[in-house]
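Trainee: The structure under discussion is supplied below as structure tokens; questions concerning it will follow.
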Amino acid sequence: MNMSAKTIPSVLIVLLLWGGAVSCQSKPEASVEVTQSEGVVNVDVNVAAFAALIDTAETGLLLDVRTDTEFAMGHIRGAAQIDFYRNDFREELAKLDPNVPVYVYCRSGNRSGQAAKMMKSMGFKTVYNLEGGMGAWVRQQPVEK
């Protein structure tokens, strides 16, 4: 997972083009939200794009922000976990390298979306949030228990 600075814009262009094509084929509210300012990338991606990103990235952190119980019930292979509801959640995020891409998810996409915004405000350069969270993932991908 070692994406160079040159490949990130290319990945974004592909995601935007792919997201536009998918949104034409699926429900109208499905979209790819991209925020890029001052070198910061914060992207909401669907299951297929998220799976492709974590499969092809050479560096990065796959981060599950659900509770211990939720994580134990099943998670994406290779995921680390930090419970969003922990009192020290922000402090735990601060221990991570903000220059390493983060692929974040939760149950529905709500907590991970909030975590992605928090990480952006903390100076993380690249954060991908799984739209629909594990609910969407388990309908299309295998989980690890």
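The values are calculated or read from the model by the stated rules, or taken from the named source; none is laboratory data. Computed from a prediction, not measured in an experiment: that's the story for all the values here. No Cβ is skipped: glycine too gets one built from the backbone with ideal geometry, and neighbour counts run over all protein chains shown. Note: areas computed on protein heavy atoms with side chains; ligands, DNA, RNA excluded. Shrake-Rupley method; radii C 1.70, N 1.55, O 1.52, S 1.80 Å.
Trainee: Going by the conditions given, is Arg90 open to solvent by 50 Å² or more (accessible area, probe 1.4 Å), touching a residue at least 24 places away in the same chain (Cβ under 8 Å) and not aliphatic (A, V, I, L, M)?
Mentor: Working: open to solvent by 50 Å² or more (accessible area, probe 1.4 Å): yes; touching a residue at least 24 places away in the same chain (Cβ under 8 Å): yes; not aliphatic (A, V, I, L, M): yes.
Against the criterion (open to solvent by 50 Å² or more (accessible area, probe 1.4 Å), touching a residue at least 24 places away in the same chain (Cβ under 8 Å) and not aliphatic (A, V, I, L, M)), Arg90 qualifies.
Trainee: If you don't mind, there's one more thing I want to ask. Identify the single condition in (1) open to solvent by less than 40 Å² (accessible area, probe 1.4 Å); (2) within 15 Å of Leu61 (Cβ to Cβ); (3) touching a residue at least 40 places away in the same chain (Cβ under 8 Å) that Lys125 does not satisfy, given that it satisfies every other one.
Mentor: All conditions are met except number (1).
Trainee: Does the range 62-81 hold any residues that are surrounded by fewer than 19 Cβ atoms within 10 Å (Cβ to Cβ) and closer than 24 Å to Ser121 by Cβ, and which are they?
Mentor: Thr67, Ala80, Gln81
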